[in-house]
Amino acid sequence: VLPNVAKLLAKFRAAEAPVVWTNWVRTPGDGHYGALDRFYGPEGTTNAENPMYVYGKDATDTLPSLAPLNDDEYSRTIRSLHLSKFADRDARGELILYPLLKSW
């Protein structure tokens, strides 16, 4: 899968087409809580089996082979707490993804 995604990303870059990077950043004990937390509960957090969270030191980072390469690309990275990227908001409470899409 990764080689195919890397090829697709290279084609988007060559065409100067917009790409948005999103990273799921939920970790056990992060203090956030929602419906899926109620569904899955706390089971599996000590052995890294609860699917609500990512585990490991660099688990919230983009894979290096697919990561943004410059400041413009990094500006289109969303560190997300939501399964729907349209729900993510910045520190001021403003939507993140919709204005990006609208600007293109």
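Considering every residue within region 6-16, establish whether at least one is within 14 Å of the chain's Cα centre (by Cα) and surrounded by 10 or more Cβ atoms within 10 Å (Cβ to Cβ).
Checked region 6-16: no residue is within 14 Å of the chain's Cα centre (by Cα) and surrounded by 10 or more Cβ atoms within 10 Å (Cβ to Cβ).
Consider only pairs whose beta carbons are under 8 Å apart and that are at least six residues apart or on different chains; among these, list those whose first residue lies in region 87-104 and is within 16 Å of Thr77 (Cβ to Cβ) and whose second residue is at pLDDT below 90 and among the aliphatic types (A, V, I, L, M).
Here the result reads Asp88/Leu81, each pair linking region 87-104 to a residue that is at pLDDT below 90 and among the aliphatic types (A, V, I, L, M).
Which one of the conditions (1) surrounded by 11 or more Cβ atoms within 10 Å (Cβ to Cβ); (2) under 19 Å from the mean Cα position of the chain (by Cα) does Leu2 fail to meet, given that it meets all the rest?
Unmet for Leu2, out of (1) surrounded by 11 or more Cβ atoms within 10 Å (Cβ to Cβ); (2) under 19 Å from the mean Cα position of the chain (by Cα): (1).
Hey, can you tell me all the residues within region 55-73 that are under 15 Å from Trp21 (Cα atoms) and exposed (fewer than 12 other Cβ atoms within 10 Å of the Cβ)?
Leu63, Pro64, Ser65, Leu69, Asn70, Asp71, Asp72
Considering Lys7, Lys57, which residue is without any contact (Cβ under 8 Å) to a residue 24 or more places away in the chain and outside any loop (DSSP other than H, G, I, E, B)?
Among Lys7, Lys57, only Lys7 is without any contact (Cβ under 8 Å) to a residue 24 or more places away in the chain and outside any loop (DSSP other than H, G, I, E, B).
Please tell me if Gly93 is open to solvent by less than 50 Å² (accessible area, probe 1.4 Å), part of a loop (DSSP other than H, G, I, E, B) and not aliphatic (A, V, I, L, M).
yes
Please go through region 74-90 and give me each residue that is surrounded by 15 or more Cβ atoms within 10 Å (Cβ to Cβ) and of a type in the set (Asp, Glu), ordered by number.
Asp88
Could you please find all residues in region 31-40 being loosely packed, with under 11 Cβ neighbours inside 10 Å and part of a loop (DSSP other than H, G, I, E, B)?
Gly31, Tyr33 - these are the residues of region 31-40 that are loosely packed, with under 11 Cβ neighbours inside 10 Å and part of a loop (DSSP other than H, G, I, E, B).
May I ask you to list the residues in region 11-27 that are of a type in the set (A, V, I, L, M, F, W, C) and under 16 Å from Asp72 (Cβ atoms)?
Within region 11-27, Phe12, Ala14, Ala15, Ala17, Val19, Val20, Trp21 qualify.
The values are calculated or read from the model by the stated rules, or taken from the named source; none is laboratory data. This structure is a prediction, so every number in the text was calculated from the model and none was measured. Here Cβ is always computed from backbone atoms with ideal geometry, including for glycine, and neighbour counts include all displayed protein chains. Note: accessible area is taken over every heavy atom of the protein model, side chains too, but ligands, DNA and RNA are not part of it. Shrake-Rupley method; radii C 1.70, N 1.55, O 1.52, S 1.80 Å.
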